[in-house]
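To keep things clear, I will list the structure first and then write my remarks on it.
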Amino acid sequence: MKTNLEFGPICRALLRNKVGAVLIALQIALTMTIVVNAIFIIVERQGLMQRESGIDEANSFYLTSTGFGKDFEPKRIIDQDLDVIRNTPGVVDAIQINAIPISGGGWSMSLTTEPGDDQDDVSTAVYFVDTHGIDALDLEVVAGDNFASTDIRWRERNQPDWPDKAMITKALAEKLFPDIPWQSVVGKTVYIGEDEPVIVTGIVDKLQAPWIGWSELENAMLSPEKMVTESTRYFIRTEPGQRDRLMAELENTLANAYGNRLIRNVTTVTQTREQSYRQHSAMIKILSTVMVLLTLITAMGIVGLTSFNVNRRRKQIGTRRALGASKQAIVRYFMLENVIISTTGILLGVAMTIGLNMLLIEWFAMTALDWYYIPAGMAVLFVVGQLAVLGPALKAAATPPAIATRTV
């Protein structure tokens, strides 16, 4: 009842001095708009960064070997290198590979389930591996079989055709044949380049493509090939805790094994993940900083406005105290005043938040804001406003009744 009686006088007082209240309400609305959308973006980006690539990232690294000279024999050196690496204590397995998952660079192809250029295609990343690919990448064959040694071929430079077998991820199997169980895709034929048939001989649980921003990130195909090339990349998986030691050891071992080559770009998959997601990390840091600063500025604005009102109304407050108003009543007055300003700003902020999210969807193809972010943002800003006004309100409540009798 007391609150209802105070509501009218507070509104009339705000209307007589509305500039400060309007500015604070607009500041609250702007803060809510930016903070709620920023939190949504941060949560979304963190979810993207936590996606599993499907490989043993913590215990894997890769390096590039580049040979030179007219006597360089790629096939012989590659086989020798792989034999040395695989027999090094602490190494689980190793392969030559054309691309690294989540690294940002690789091969892609389009697959169809029927031949012809008028068929709907599905894009996929392509990794060249041999029979050691499953162990080296730490994949699990969930249907079908791994490649046999007789399936592996050498791919010459600019060779256009493809092997007649392939393994694909579970996600790709579901995309290619959505109307049947993914396990039944084993034995099915897909087509590369409109008419070149490839039989699916196995399905692996998960393997991401090199491009983290790609909508088909979970689509990957393993092709049973090794590449004839002077510059080759080796992917090496180690036993837990052995990665860092083996990086230095294998770099020296390979460099000393053959003189006419360079060993470079020795990189962990962990470093690759950090590099690939650095823009996401930077965005999270920037948005977090902006959120904190905006919230502090808004809180300081509320403190400033309330402190100004307290100083301007000191004689009025003293009169109320002299007429019997309690300290709790004075505090309640300023808290209720802030409730009115904050509610106005928050309601305006709800509309602005939805509007900004709609623009982000249109401009940057972002997803729609989940509904629960809005009431959560309303609650947080309401609490911030009440906490900000509490100090000046307590100061106002401490005004002595004798102040009413002063003329200066």
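The values are calculated or read from the model by the stated rules, or taken from the named source; none is laboratory data. Since this is a predicted model, take the numbers as computed values, not measurements. Note: ideal-geometry Cβ built from the backbone for every residue, glycine included; neighbour counts use all protein chains shown. Accessible surface is based on the protein model in full, side chains and every heavy atom, while ligands, DNA and RNA are left aside. Shrake-Rupley method; radii C 1.70, N 1.55, O 1.52, S 1.80 Å.
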(request) Treat each spin label as a single point 7 Å out from the Cα along the C-beta direction, and report the Gln50 to Gln386 distance in nm. (result) 3.0 nm
(request) Report the charge-dipole magnitude of segment 69-259 in Debye, nearest 20, computed about the Cα centre from +1 at each Lys and Arg Cβ and -1 at each Asp and Glu Cβ. (result) 620 debye
(message) Treating segment 247-322 as a set of equal point scatterers at the Cα positions, no solvent, please give the Debye-formula log₁₀ I(q)/I(0) at q = 0.16, 0.19 Å⁻¹.
(response) -0.81, -0.90
(request) For the chain, return all DSSP H helices satisfying: extent of Cα atoms along own axis at least 30 Å; mean Kyte-Doolittle hydropathy at least 1.0. (result) 18-49, 327-364, 373-397
(message) Give me the percent relative contact order of segment 69-259, please, defined on Cα pairs under 8 angstrom at least 6 residues apart.
(response) 32 percent
(message) Before I look further, what does segment 69-259 give for accessible area per residue, probe 1.4 Å, in whole square angstrom?
(response) 45 Å²
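Tell me the relative contact order for the chain as a rounded percent, counting alpha carbon contacts under 8 Å between residues six or more apart. Please list the in-between numbers first.
Numbers: 668 pairs, mean separation 109.2, N = 408.
Relative contact order of the chain: 27 percent.
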(message) Please list, short to long, the whole-number percent of alpha-carbon pairs of segment 218-276 in consecutive 5 angstrom bins beginning at zero.
(response) 4, 12, 20, 22, 20, 16, 5, 1
(message) Just to verify a number: what accessible area does His132 come out at with the full protein assembly present, 1.4 Å probe, Å² rounded to tens?
(response) 60 Å²
(request) For Val200, Val22, Val186, write out the residues from largest to smallest accessible area, computed with a 1.4 angstrom probe and no ligands counted. (result) Val22, Val186, Val200
(message) Given the -39500 (n - 2.57) contribution per DSSP H run of 4+ residues, what per-residue ellipticity at 222 nm results for the chain, rounded to the nearest 500 deg cm²/dmol?
(response) -17000 deg cm²/dmol
(request) Return the carbon/sulfur percentage of the accessible area of the chain, one whole number, probe 1.4 Å, all protein chains in place. (result) 58 percent
(request) Binning at 10 Å from 0, report for segment 69-259 what percent of all alpha-carbon pair distances ends up in each bin. (result) 9, 34, 35, 16, 5, 0
(request) Take the Cα atoms of the chain, build their convex hull, and give its volume per residue in Å³. (result) 216 Å³
(message) Under 10 Å, Cα contacts only: if you run a Gaussian network model on the chain, which one of Ile199, Ile100, Ile317 comes out with the highest mean-square fluctuation?
(response) Ile317
